[in-house]
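The values are calculated or read from the model by the stated rules, or taken from the named source; none is laboratory data. Everything numeric here is computed off the predicted structure, so don't read it as measured data. Note that each Cβ is placed from the backbone with ideal geometry, even for glycine, and that neighbours are counted across all protein chains shown.
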Amino acid sequence: MHIVAPLPPGGVQFGFESMVIPSDAQHPGNALLWMDYILRPEVQAEITNKVMFTSPNLAARAFVHPDVLANVIAFPPDEYMAHRVQFYEVRSRDTRRTMTRLYTRFKSGV
């Protein structure tokens, strides 16, 4: 199935992920090694190519497949980002669960 998802003219919500180390982590050095690895441009590009999510690591773009870079859903144009993007609000656990289930169904083509 081929799904085309245009950018909504009214805008979209945009979220971001964070990597953190708990203050009581047993192996914080290992966590830092993992972060150093996962943030390498080549690794970020592999993830981007697989999941079609943009990476905040700008150096990764040199390794992202051209067809992924051309996808406006994965990489919205700068003008769109500047004027039509809102960041996610904090939502309840039930709302997040529903959103995740709907997105998973969409991505899997169900």
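In region 61-76, the residues that are β-branched (Val, Ile, Thr) reach residues that are assigned to a helix (DSSP H, G or I) with C-beta atoms within less than 8 angstrom, at least six apart or across chains, in these pairs: Val64/Ala45; Val64/Thr48; Val64/Asn49; Val68/Thr48; Val68/Asn49; Val72/Tyr80.
Conditions (1) under 14 Å from Ser55 (Cβ atoms); (2) out of contact with any Asp or Glu (no Cβ under 8 Å at 6 or more places or on another chain); (3) among the hydrophobic types (A, V, I, L, M, F, W, C), marked per residue:
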| position | (1), (2), (3) |
| --- | --- |
| Ala5 | no, yes, yes |
| Phe16 | yes, yes, yes |
| Gln26 | no, yes, no |
| Asn30 | no, yes, no |
| Trp34 | no, yes, yes |
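Out of curiosity, is Phe53 of a type outside the set (S, T, N, Q), in a loop (DSSP other than H, G, I, E, B) and surrounded by 10 or more Cβ atoms within 10 Å (Cβ to Cβ)? Yes. In this structure, Pro76 qualifies as at pLDDT below 90 and out of contact with any strand residue (DSSP E or B) (no Cβ under 6 Å at 6 or more places or on another chain). Checking each residue in region 82-110 for being touching a residue at least 60 places away in the same chain (Cβ under 8 Å) and surrounded by 12 or more Cβ atoms within 10 Å (Cβ to Cβ) picks out Arg84, Val85. Within region 50-68, the presence of a residue that is at pLDDT 85 or above, within 18 Å of Val12 (Cα to Cα) and basic (Lys, Arg) is excluded. Which of the residues spanning region 41-99 are within 22 Å of Ala5 (Cα to Cα) and of a type in the set (Ser, Thr, Tyr)? Selection gives Thr48, Thr54, Ser55, Tyr80, Tyr88, Thr98. Screening the candidates Ile38, Ile47 for the property of being within 11 Å of the chain's Cα centre (by Cα) and either farther than 16 Å from Phe75 by Cβ or not small (Gly, Ala, Ser) (or both) yields one hit, Ile47. Considered as a group, the residues in region 89-110 that are closer than 23 Å to Lys50 by Cα and part of a loop (DSSP other than H, G, I, E, B) include one that is modelled with the lowest pLDDT, and that residue is Val110. Restricting attention to region 14-50, which residues are among the hydroxyl-bearing types (Ser, Thr, Tyr) and either surrounded by 13 or more Cβ atoms within 10 Å (Cβ to Cβ) or in contact with a Gly (Cβ under 7 Å, 6 or more places away or on another chain) (or both)? Of everything in region 14-50, just one residue is among the hydroxyl-bearing types (Ser, Thr, Tyr) and either surrounded by 13 or more Cβ atoms within 10 Å (Cβ to Cβ) or in contact with a Gly (Cβ under 7 Å, 6 or more places away or on another chain) (or both), namely Thr48. Tally time: how many residues in region 79-104 are of a type in the set (Lys, Arg) and in contact with a strand residue (DSSP E or B) (Cβ under 9 Å, 6 or more places away or on another chain)? Total satisfying the criteria: 1.
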